[in-house]
Amino acid sequence: MSTIPKTDNPAGIGTTIKVPLSRQPYEVHLGSGTRSKFPELFRQFGRGRAFWVTDRNVEKAWGSELHELGATPAANLFVLPPGEDQKTLATVERLCRRWIVNGVERGDTIVACGGGVIGDIAGFSAACYQRGISFIQVPTTLLSMVDASVGGKTGVDLPEGKNLIGAFHQPLFVLVDIDFLKTLPPHRLIDGYAEVLKTALIGDLTLFDFLKSGGQQQILKGEPQALFKAVTACVQFKANVVAKDEKETDLRRILNFGHTVGHALETSGGFQQLSHGEAVLWGLCAAIELSMFTGTLIIDKGGEIQLLLQPLLEHIPALDFDPQALYQLLLHDKKVLDGIPHWVLLEEVGKPVIRKDVSQPQILEVLGRLKLKMGRL
Ligand SMILES: NC(=O)c1ccc[n+]([C@@H]2O[C@H](COP(=O)([O-])OP(=O)(O)OC[C@H]3O[C@@H](n4cnc5c(N)ncnc54)[C@H](O)[C@@H]3O)[C@@H](O)[C@H]2O)c1
Ligand SMILES: [Zn+2]
């Protein structure tokens, strides 16, 4: 079923999407200019006082606006350095100690305002602080709007791998304002686009057709209507999946399409050489290749997807990796159960399938092809 809204609404685009979890349902308020609704939404859904967490780049671009929304430096706004290397237990400790000093109580609320890194760190810290306090997501990157801010997964990395320490902690609400994307560097739009393409491939044929017929270029140019369409479709899709499978059994695993190889590449590059989105794009490339190689996806369809992927891959960094070593990293992934990697592959666009019977030689062959491809670009 398509999740693209039927009508465009250029003047003040906006919509509200429900995440209908049985225990704690919440809403995603999405549009252009929605940040001004924060005080009203906080009055309605917030608890206690708001304590904001952001990073230096977001503060630089949006600090005065955050100030207007009630975030005051040194009082209730904590600014972390940017970057994936902040996603550590050490940052969680630092943040929680700052909250103690600033008198954050169990009845207060943390506002995570930033990309997926800030959402994951602040959300996980909120899940742990005094055994759990409320939090709100205000995503500022395309990646966090279409994926990270919805669904309640929070966590930090270990040197051994991505997101290996974490908790499910659902926000009170999510406030998505696509205006934040105006200050996002273009290569960060590509990062978020990786998750948009993932969503189209696993669940939304109409979104896929839109991307094929010019949507991809419009999104990467930052056109508001295209961004609104894509973000709405992705949030709606994720809300549906998460509502059916909050704690990730089989259904929610489809959201990991492209992430098994993606996470391994990210880890292999020490979280420095490839961003999450870039690693996911390469991971999607590997997952399509593996889907074709194992006969799960017909070659023609795979080729059509590769045509869409190819121009993106030419714009992102590659990695020189050892397929054997990457295979070992794959075995640390959370999608490995009883020592067997559970692969999310595609049967066709919109039809993902979980396969446990992919052999080591098949995986190594595809990793070898990926290495060659990276070497050629
Ligand atoms: N929890 C989940 O379900 C989930 C899902 C997907 C990804 N993730 C995680 O999200 C992280 C990646 O998120 P990301 O791609 O948003 O990275 P990020 O948070 O590092 O943000 C990317 C860069 O953009 C800057 N930035 C953010 N908003 C900006 C703005 N509006 N203007 C200018 N600069 C801005 C940041 O400072 C940073 O330098 C990874 O750690 C990944 O594991 C989590
Ligand atoms: Zn992802």
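The values are calculated or read from the model by the stated rules, or taken from the named source; none is laboratory data. Source: prediction; values computed, not measured. Don't worry about glycine lacking a Cβ; one is built from the backbone with ideal geometry, like all the others, and counts go over all protein chains shown. Protein only, heavy atoms only, side chains kept; ligands, DNA and RNA dropped before computing areas. Shrake-Rupley method; radii C 1.70, N 1.55, O 1.52, S 1.80 Å.
Considering Cα pairs under 8 angstrom that are at least six residues apart, work out the relative contact order of the range 188-376 and quote it in whole percent. Each step should come with its number before you reach the end.
Numbers: 250 pairs, mean separation 48.2, N = 189.
For the range 188-376, the relative contact order is 26 percent.
Could you do me a favour and compute the accessible area per residue for the chain, 1.4 Å probe, result in Å²? Mind showing how you got there, number by number?
Details: 15430 Å² over 377 residues.
Computed with neighbouring chains in place, this is 41 Å² per residue.
Just how much of THR260 is accessible, in Å², when a 1.4 Å probe is used and the result is rounded to the nearest 10?
Its heavy atoms expose roughly 10 Å² to the probe.
What does the charge count near ALA127 come to, summing +1 for each Lys or Arg and -1 for each Asp or Glu among other residues with Cβ under 12 Å from its Cβ? Don't jump to the answer; show the numbers that get you there.
Numbers: positive: ARG131, LYS153; negative: ASP120.
Net charge around ALA127: +1.
Compare the peptides 297-303, 123-129, 73-79 by average per-residue count of other Cβ atoms within 10 angstrom and give them in order, highest first.
Working: 297-303: 14.6, 123-129: 25.0, 73-79: 16.9.
The densest-packed peptide leads the list: 123-129, 73-79, 297-303.
As I understand it, the value is the acute angle between the Cα axis of helix 276-293 and the longest principal axis of the Cα atoms of the chain; what does it come to in degrees, rounded to 10?
It is inclined by approximately 30 degrees.
Output the 0 to 90 degree angle, nearest 10, between the alpha-carbon long axis of helix 116-128 and the longest principal axis computed from the alpha carbons of the chain.
60 degrees
Which of rounded, prolate, oblate describes the range 14-185, given a ≥ b ≥ c as roots of the alpha-carbon gyration tensor eigenvalues and a/c under 1.5 marking rounded, otherwise prolate only if a/b is larger than b/c? Present the calculation step by step, with values, prior to reporting the outcome.
On the way: a/c = 1.21, a/b = 1.18, b/c = 1.02.
Judged from the Cα gyration tensor, the range 14-185 comes out rounded (a/c under 1.5).
Pick from TRP99, TRP282, TRP343: which is most flexible by mean-square fluctuation in a GNM of the chain where alpha carbon atoms under 10 Å apart are linked?
TRP99
Can you give the relative contact order of the chain as a percent, counting alpha carbon pairs under 8 Å and 6+ residues apart?
Numbers: 689 pairs, mean separation 61.0, N = 377.
The normalised contact order for the chain reaches 16 percent.
Between GLN324 and GLN272, what is the FRET efficiency for a Förster distance of 30 Å, r being their Cβ-Cβ separation, to the nearest 0.05? If you can, show how the numbers build up before the last one.
Numbers: r = 22 Å, r/R0 = 0.73.
It comes to 0.85.
At what distance in nm do the modelled label points of HIS315 and GLU93 sit from each other, each positioned 7 Å from its Cα along Cα→Cβ?
Roughly 4.1 nm, to one decimal.
Checking a compactness column here: for the range 172-296, what do you get for Rg(Cα) / (2.2 N^0.38 Å), N being the number of residues? Could the numbers behind the result be given before it?
Values: Rg = 14.9 Å, N = 125, 2.2 N^0.38 = 13.8 Å.
Against the compact-globule rule of thumb, the ratio is 1.08.
Among residues other than VAL104 whose Cβ falls under 11 Å from its Cβ, what is the net charge (Lys/Arg +1, Asp/Glu -1)?
Taking every Cβ under 11 Å from that of VAL104, the sum is +2.
Between helix 56-68 and the chain, what is the angle of the helix's C-alpha long axis to the longest principal axis, kept within 0 to 90° and rounded to the nearest 10?
40 degrees
Report the relative contact order of the range 14-185, percent, no decimals, based on alpha-carbon pairs under 8 angstrom and at least 6 residues apart. Don't skip to the end; give the middle numbers.
Numbers: 322 pairs, mean separation 44.0, N = 172.
Once divided by the residue count of the range 14-185, the mean separation gives 26 percent.
When the accessible area of the chain is split by element with a 1.4 Å probe, what percent falls to carbon and sulfur? The partial results should precede the final answer.
Working: 8090 of 15430 Å².
Carbon-and-sulfur percentage of accessible area, whole number: 52.
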